[in-house]
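Okay, structure first, notes after.
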Amino acid sequence: MPTAITSKMRVPVPDDTAGREPLLDLLLASAAAAYCPKRTARVRALLAAGGTDWDRWTALARREGLAPLVSMSLADTAPDLVPTQVREELRREWFASSTQCLALAAELIRALADLRHTGIAAVALKGPALSAQLYGSCTLRQYDDLDLLVSRRHWARAIQVFFSAGYRPVEHLGRSPGHELRLHNPDTGAILDLHRLLMPPWCGSPCAIEDLEGRTEEVLVCETPVETLEPSELLVFLCVHAAKHSWMGLKWLVDIDALLCRPQGLDWDYALREAIRRHCRRRLLVSLVLVREIFGAPVPDRVSQAAAADAAVMALADEVRHRLPAAFHSVERIRLQMSVQDRWRDRLRVLQELFAVAGSVTEADRQSLPLPAPIYSLHSLTRPFRLLWRYGPQLARQMTLRSFPLLRPRP
Amino acid sequence: MKPLARNEQITVEQVRGETLVYDLRNRKAHCLNAAVSAVWRACDGQTSIQGIAEHVRRELDRPLDEAFVETALAELSRAGLLETGPEEAGRVRSHLTRRQVSAGAAILLPLIATIAVPKPAAAASGAAPNPGGVPL
C-alpha cells in the first residue's frame with residue numbers, strides 16, 4: 001500500500017515575488033486568498049501599498065479567467081481597500097459569468113442523468129465539477145463548455161444518448177480527433193466534449209475511465225452529486241492539462257495551487273507513480289515547481305528534490321515563470337510541447353500530430369480564402385503557403401536565435 | 001397564505017450566503033440576496049408569513065418584519081420562483097411594494113437581480129487542440 005504523504009511536508013520557499021509586476025502579484029494573491037485564508041494578509045498589504053491601476057488589473061483578471069474568483073475574494077478579504085466602483089464591476093462580471101456557469105451546470109446534470117438512465121458511467125472533467133471541487137461553487141471559475149469521460153465500450157451508445165437529447169456534432173473540416181467528440185446543443189447553446197480518453201494520445205500513455213477505478217469522488221454541483229476525479233488523480237490531470245496549454249492562462253496554475261491547499265492530504269506516491277507510468281513526469285514536475293515558486297504552494301520536499309535534480313524541468317519552469325502572464329507565440333509553444341515530453345518517442349508523436357493537422361484543411365483555410373463548395377479541395381494546395389506565410393518568420397527566428405536547448409533528455 | 005418554493009426545472013447554487021437560481025424554463029438566472037434566500041428556503045407550503053418572518057429573523061439575526069417577507073414573496077413570485085396559482089400570485093404581487101419595506105430591511109436591497117442567460121456561441125471548429133494549441 002502506498003503511503004499517503006500529506007501536503008504538510010514542504011520545503012521553505014523564498015519570497016520570489018520581488019520584481020514581479022505588482023498587478024500580477026495582486027491578482028495572484030487575491031485569487032489565492034479565495035481558497036487559502038492564510039494569504040489574506042498579503043492581499044491587504046499589497047492593497048494598502050496603493051497605486052493599483054484598477055483598469056489594467058480588472059482587464060488582467062478578465063483575460064486570465066480569474067474575475068469571478070477575485071471578485072469574491074476581494075469582497076471577503078478587503079472590501080475597505082478596493083474602490084466601490086471596482087467591486088461593483090467585478091460583482092457584475094461574476095453574476096454575468098455565473099449565469100453561464102449555472103446554465104452549463106444544469107446541462108451537465110441533465111446529461112449525466114441521461115447517461116445514468118441508460119447505464120453508462122461518466123466522469124465529469126473540468127468545468128462545473130472542478131469549480132465546485134476546488135472553490136466550493138460551480139460559479140467561481142470561468143468555463144464555456146462541458147467535458148465528460150465515458151468508457152470506450154459505451155462510446156457509441158453515449159453518442160446516441162446525446163443525439164436523442166438534441167446534441168449534434170460540431171461541424172469541422174479538419175481531421176476528426178479520435179479521442180473525443182465535440183457536440184453542440186442548438187436549443188441550449190451548450191458545447192460538450194465527449195472523451196473516451198482522459199487526455200489526447202500525444203499527451204502520454206492513454207488513460208481510460210476503466211483505469212480510474214477507485215480514483216473518482218462525488219462533488220456537489222448545484223446541490224447534485226457529480227462524479228469527478230479524486231484529488232491525487234486530479235493533480236496529475238491538472239498538471240498535464242496546464243502543460244498542454246503551455247501554462248498560458250493563470251487559472252490553470254491557480255487550480256493546481258487550490259488543489260494543493262486543500263486540507264485533505266494528497267496521495268503523492270500515486271501521483272508520482274502514475275506520472276511516470278503515463279510518461280508525463282516532466283509536465284507534473286514543471287507545473288509543481290511553478291505553483292511552488294509563484295504561490296508558495298505546499299509541495300513535498302522529495303518532489304521538489306526530484307524536480308531540482310532534473311535540469312530540463314528547472315529550465316522549463318524558469319522559462320515559463322519569467323514569461324507569465326505573457327503568452328508564448330506559436331512556434332515557441334511547439335518547442336515547449338516538445339521539451340515537456342518525457343521520451344523522444346512522445347516528441348515524435350507530437351510532431352506526428354502536428355504534421356497530421358498541418359496536412360488537413362481546417363476552418364482557418366476556409367476563412368482565409370473563401371472558395372465555393374465544389375472547389376474546396378483546392379484548399380489543400382493553398383494551405384502550405386498559408387502556414388508558411390503565418391509561421392515561417394517565427395520559425396526562422398527561433399531556429400536562428402536558439403537551437404532548441406531544452407530538448408535535453410531527462411537524466 | 002402558505003407559500004411554496006418552486007423546485008422543478010430550476011438549478012440552485014448557494015454562494016457565500018446568496019442563492020443563484022437558474023430557471024430552465026425561460027433561461028433566466030436570479031441572484032437572491034441573503035434575506036430573500038432565507039425567505040425562499042422557508043417557503044415549504046406549510047409555514048405562514050408570520051412563521052417565515054420568525055424563521056428569517058432567527059436565521060439572519062436581523063429585525064426583519066412581515067412587511068419585508070411579503071415584499072420578498074412578491075419579488076419571488078414575479079421571478080417565477082414560487083409554486084403559486086395565478087390568483088394567489090396576483091394577490092402577492094399587488095399586496096405590497098418596495099416602498100413598504102422597513103428601514104431595517106432596506107439595507108438588503110436589491111432583493112433579486114435577474115439576468116437572461118445568452119446562448120454560448122458554438123465553437124467554430126470541432127477539432128481538438130493541437131499540441132500547444134497552435135492554430136493551424
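The values are calculated or read from the model by the stated rules, or taken from the named source; none is laboratory data. For clarity, every value in this text was computed on a predicted model and none was experimentally measured. We place every Cβ from the backbone using ideal geometry, glycine too, and count neighbours over all the protein chains shown.
The residues in segment B:49-70 that are part of a helix (DSSP H, G or I), buried (at least 16 other Cβ atoms within 10 Å of the Cβ) and basic (K, R) can be counted, and the count is 1. Within segment A:229-264, track down each residue that is within 14 Å of chain B (Cβ to nearest Cβ) and touching a residue at least 12 places away in the same chain (Cβ under 8 Å). If the condition is that a residue be within 14 Å of chain B (Cβ to nearest Cβ) and touching a residue at least 12 places away in the same chain (Cβ under 8 Å), then A:V240, A:H241, A:A242, A:A243, A:K244, A:S246, A:W247, A:M248, A:G249, A:W252 are the ones that fit. Each residue in segment B:3-20 was checked for being in contact with a helix residue (DSSP H, G or I) (Cβ under 8 Å, 6 or more places away or on another chain) and either more than 25 Å from A:A75 (Cβ to Cβ) or facing another protein chain (nearest Cβ under 8 Å) (or both), and 8 of them qualify.
Yes/no matrix, rows are residues, columns are (1) in contact (Cβ under 8 Å) with a residue 60 or more places away in the chain; (2) closer than 30 Å to A:G178 by Cα; (3) surrounded by fewer than 19 Cβ atoms within 10 Å (Cβ to Cβ):
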{"site": "A:L266", "(1), (2), (3)": "yes, no, no"}
{"site": "A:L288", "(1), (2), (3)": "no, yes, no"}
{"site": "A:D342", "(1), (2), (3)": "yes, yes, no"}
{"site": "A:V350", "(1), (2), (3)": "yes, yes, no"}
{"site": "A:F355", "(1), (2), (3)": "no, yes, yes"}
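When each of B:R78, B:R62, B:R16, B:R25 is tested for being modelled with pLDDT under 85 and closer than 21 Å to A:F95 by Cα, the lone residue that passes is B:R16. Residues of segment A:87-135 that are of a type in the set (G, A, S), more than 8 Å from chain B (Cβ to nearest Cβ) and surrounded by fewer than 23 Cβ atoms within 10 Å (Cβ to Cβ): A:S97, A:A113, A:G119, A:A121. When segment A:199-221 is filtered for residues that are under 27 Å from A:A165 (Cα atoms), away from chain B (no Cβ under 13 Å) and not in a helix (DSSP H, G or I), the ones remaining, listed by number, are A:A208, A:T216, A:E217, A:E218. Taking each residue of segment A:359-388 that is under 19 Å from A:V170 (Cβ atoms) and looking for partners that are among the β-branched types (V, I, T) and at pLDDT 75 or above with beta-carbon atoms closer than 8 Å, six or more apart or interchain, yields A:D365/A:T382. Taking the numbered list (1) part of a strand (DSSP E or B); (2) more than 11 Å from chain B (Cβ to nearest Cβ); (3) under 16 Å from A:L146 (Cβ atoms) in turn, A:A158 passes all entries but (1). The residue that is nearest to A:A275 (Cα to Cα), counting only those in segment A:292-310 that are under 20 Å from the mean Cα position of the chain (by Cα) and small (G, A, S), is A:A297.
Taken together, A:E107, A:E89, A:E93 contain a single residue that is over 18 Å from the mean Cα position of the chain (by Cα), closer than 25 Å to A:H241 by Cα and assigned to a helix (DSSP H, G or I), which is A:E107. The listed residues are A:A275, A:A242, and the only one of them that is assigned to a helix (DSSP H, G or I) and more than 13 Å from the chain's Cα centre (by Cα) turns out to be A:A275.
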